[in-house]
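What follows is one structure encoded as structure tokens, with my remarks underneath.
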Amino acid sequence: MFFKTIIQGRLEFATQKSFDKVLKMFIYRAENYHRNEMIFASEEIFNKEKLLLDIPRFVGTSSDKHFRNTTSLIAYCSQFAISGSVRAWFLDEGKILYYEMMEPTSDKAAVQSFLKGRDLVKQVGKEKEAIEALDEAIEKYDRHAMAYERRAKVNFYLKDYHNALRDYNKCIDIDSTIPTAYYGKAKIHVIKEEWEEAIENYDITLKHTVALQPIYWKARRQKSICHIKLKQWDKAAFDLKLFTKRTFTDDNPNKEWKKQAFFNYAVVLQEMDETDDILKSLDAALELPEHPSVSIAEILRTRGLAKQKMGKNGFIKDLKDASDLGDKIAKGALTARGKKKVTSK
């Protein structure tokens, strides 16, 4: 049986000698260990000029055996690389059967310094140590794109946006396919309220990721907010419709942002005077767990005003509930309604 297969990434070899060695071993093992039952031939993925194993993106079908043979051999090759990674997904109707992440873990100094730095990036209070380890990785191999990207992330945490942007750009100059570098740049532009520049970088993030990766949906949601800032309602609606329709697993960080996304989608639809899904989106937002990005009072008030505009029942209760929760706009709407009724008498 054949199943959908997605593979993308690149491995970088520091010297001609190591590249030639890996290429020779790939050809030998493909022929003698796997009988060429592979997804790729060597000439399809090895770049002799740049000393890379490079798979920009493969989307196709393969058998279980072809997938396992291919990922096993790429994983073997990765141990001779000095930087980079390759990711592979094996899918059945959207369900992930296998996921493989292949990257260097050898005892080379640049590799070990990077792995140490990458681990320290995740630890609060270890920023100085992380930068030192990543500095060492870059010193050992100055084309280590991911070391620049991780160092940029630490600088971002430290609010050193100038150096963060510098490192993100260095990363991209070396490897223009690393999505987290564009995502990081976009977040810096958001802080500066440079919405168009942020959108541009979120778009490139989407280009270099697949919908199976959490970062894809992070970028999609964040991009919608930038479109809202620019009052580009149709573009925001497109991103939010995709995000709200997506089902996320419990361990996916995007799941907790569904409440905000449903609310934002309703607000955008209101701006576009498209009423069909406004109440559905607000109802969905209310059903989800609380999240600091949007209050229950805000959702109730928005639903109440939407019902009132549509001439539907229940809007007064929504406004009262929102007012009871401290929403001043809802309270003002109820006060204005009360004065209008008195005047009409």
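Keeping to the range 80-97, report how many residues are surrounded by 15 or more Cβ atoms within 10 Å (Cβ to Cβ) and in contact with a helix residue (DSSP H, G or I) (Cβ under 9 Å, 6 or more places away or on another chain).
Step one: list which residues in the range 80-97 are surrounded by 15 or more Cβ atoms within 10 Å (Cβ to Cβ), which gives 80-91.
Those still in the list that are in contact with a helix residue (DSSP H, G or I) (Cβ under 9 Å, 6 or more places away or on another chain) too: 80-86, 88, 90.
Residues in the range 80-97 being surrounded by 15 or more Cβ atoms within 10 Å (Cβ to Cβ) and in contact with a helix residue (DSSP H, G or I) (Cβ under 9 Å, 6 or more places away or on another chain): 9 in total.
Pull out all pairs, ordered by first then second residue, where Cβ-Cβ is under 9 Å, the residues are six or more apart or on different chains, the first lies in the range 152-164 and is farther than 16 Å from Tyr183 by Cα, and the second is among the charged types (D, E, K, R) and part of a helix (DSSP H, G or I).
Here the result reads Leu158/Glu127, each pair linking the range 152-164 to a residue that is among the charged types (D, E, K, R) and part of a helix (DSSP H, G or I).
Quickly run through the range 132-146 and pick out the residues that are more than 18 Å from Lys50 (Cβ to Cβ) and either aliphatic (A, V, I, L, M) or in contact with a Leu (Cβ under 7 Å, 6 or more places away or on another chain) (or both). First the steps, then the outcome.
At the first step, the residues of the range 132-146 found to be more than 18 Å from Lys50 (Cβ to Cβ) are 132-140.
The answer is Ala133, Leu134, Ala137, Ile138.
Within the range 134-187, how many residues are closer than 23 Å to Ala211 by Cα and β-branched (Val, Ile, Thr)?
4
Residues being farther than 14 Å from Asn264 by Cα and part of a loop (DSSP other than H, G, I, E, B): count how many of those fall in the range 293-332.
Taking the range 293-332 first, the residues farther than 14 Å from Asn264 by Cα are 297, 304-305, 307-332.
Then drop every residue that is not part of a loop (DSSP other than H, G, I, E, B), which leaves 311-314, 325-327.
Total satisfying the criteria: 7.
Could you pull out the residue among Ala181, Ala219 that is aliphatic (A, V, I, L, M), surrounded by 21 or more Cβ atoms within 10 Å (Cβ to Cβ) and farther than 23 Å from Ala284 by Cα? It would help to see each step written out before you state the result.
Numbers: Ala219 fails: farther than 23 Å from Ala284 by Cα.
Answer to the check: Ala181.
Here are some conditions: (1) modelled with pLDDT of 95 or more; (2) out of contact with any Phe, Trp or Tyr (no Cβ under 6 Å at 6 or more places or on another chain). Tyr99 meets all but one. Which one does it not meet?
Condition (2) is where Tyr99 drops out.
Condition first: farther than 28 Å from Leu11 by Cβ, touching a His at 6+ places or on another chain (Cβ under 8 Å) and either modelled with pLDDT of 95 or more or assigned to a loop (DSSP other than H, G, I, E, B) (or both). Can you find one or more residues in the range 239-247 that meet it?
Just the residues of the range 239-247 that are farther than 28 Å from Leu11 by Cβ, to begin with: 239-247.
From what is left, the residues that are touching a His at 6+ places or on another chain (Cβ under 8 Å) are 239.
Within this subset, residues satisfying the condition of being either modelled with pLDDT of 95 or more or assigned to a loop (DSSP other than H, G, I, E, B) (or both) are 239.
Among the residues of the range 239-247, at least one is farther than 28 Å from Leu11 by Cβ, touching a His at 6+ places or on another chain (Cβ under 8 Å) and either modelled with pLDDT of 95 or more or assigned to a loop (DSSP other than H, G, I, E, B) (or both), which makes the answer yes.
Would you pick out the residues in the range 59-97 that are assigned to a strand (DSSP E or B) and closer than 14 Å to Phe13 by Cβ? So that I can check it myself, show each step before the final result.
Keep residues of the range 59-97 that are assigned to a strand (DSSP E or B), which gives 59-63, 83-92, 95-97.
Passing the criteria: Ser83, Gly84, Ser85, Val86.
Run down Glu256, Glu271 and say which single residue is touching a residue at least 40 places away in the same chain (Cβ under 8 Å) and either out of contact with any Ser or Thr (no Cβ under 6 Å at 6 or more places or on another chain) or within 20 Å of Gly94 (Cβ to Cβ) (or both). Walk me through it before giving the result.
Numbers: Glu256 fails: touching a residue at least 40 places away in the same chain (Cβ under 8 Å).
Testing whether each residue is touching a residue at least 40 places away in the same chain (Cβ under 8 Å) and either out of contact with any Ser or Thr (no Cβ under 6 Å at 6 or more places or on another chain) or within 20 Å of Gly94 (Cβ to Cβ) (or both) leaves just Glu271.
May I ask you to list the residues in the range 22-44 that are surrounded by fewer than 16 Cβ atoms within 10 Å (Cβ to Cβ) and basic (Lys, Arg)?
Those that are surrounded by fewer than 16 Cβ atoms within 10 Å (Cβ to Cβ) and basic (Lys, Arg): Lys24, Arg35.
Name the single residue that is nearest to Lys153 (Cα to Cα) among those in the range 98-128 being out of contact with any helix residue (DSSP H, G or I) (no Cβ under 6 Å at 6 or more places or on another chain) and assigned to a loop (DSSP other than H, G, I, E, B).
Selected residue: Lys122.
Run down Phe238, Phe262 and say which single residue is touching a helix residue (DSSP H, G or I) at 6+ places or on another chain (Cβ under 9 Å), buried (at least 21 other Cβ atoms within 10 Å of the Cβ) and closer than 22 Å to Arg220 by Cα. Steps first, please.
Working: Phe238 fails: buried (at least 21 other Cβ atoms within 10 Å of the Cβ).
Of the residues listed, the single one that is touching a helix residue (DSSP H, G or I) at 6+ places or on another chain (Cβ under 9 Å), buried (at least 21 other Cβ atoms within 10 Å of the Cβ) and closer than 22 Å to Arg220 by Cα is Phe262.
Are any residues in the range 139-151 without any contact (Cβ under 8 Å) to a residue 40 or more places away in the chain and either crowded, with 20+ Cβ neighbours inside 10 Å or among the acidic types (Asp, Glu) (or both), and if so, which ones? Reasoning before the result, please.
Here is the first cut: in the range 139-151, the ones without any contact (Cβ under 8 Å) to a residue 40 or more places away in the chain are 139-140, 142, 148-151.
Of everything in the range 139-151, those that are without any contact (Cβ under 8 Å) to a residue 40 or more places away in the chain and either crowded, with 20+ Cβ neighbours inside 10 Å or among the acidic types (Asp, Glu) (or both) turn out to be Glu139, Asp142, Tyr148, Glu149, Arg150, Arg151.
Among the residues of the range 6-51, write down those that are within 17 Å of Ser106 (Cβ to Cβ), more than 24 Å from the chain's Cα centre (by Cα) and in contact (Cβ under 8 Å) with a residue 12 or more places away in the chain.
Passing the criteria: Phe13, Ala14, Thr15, Ser18, Phe19, Lys21, Val22, Met25, Phe26, Leu51.
For the range 192-216, what are the residues that are touching a Phe, Trp or Tyr at 6+ places or on another chain (Cβ under 6 Å) and farther than 23 Å from Asp251 by Cβ?
Result: Asn201, Ile204.
The values are calculated or read from the model by the stated rules, or taken from the named source; none is laboratory data. Computed from a prediction, not measured in an experiment: that's the story for all the values here. Glycine also receives a Cβ, built like all others from the backbone with ideal geometry; neighbour counts cover every protein chain displayed.
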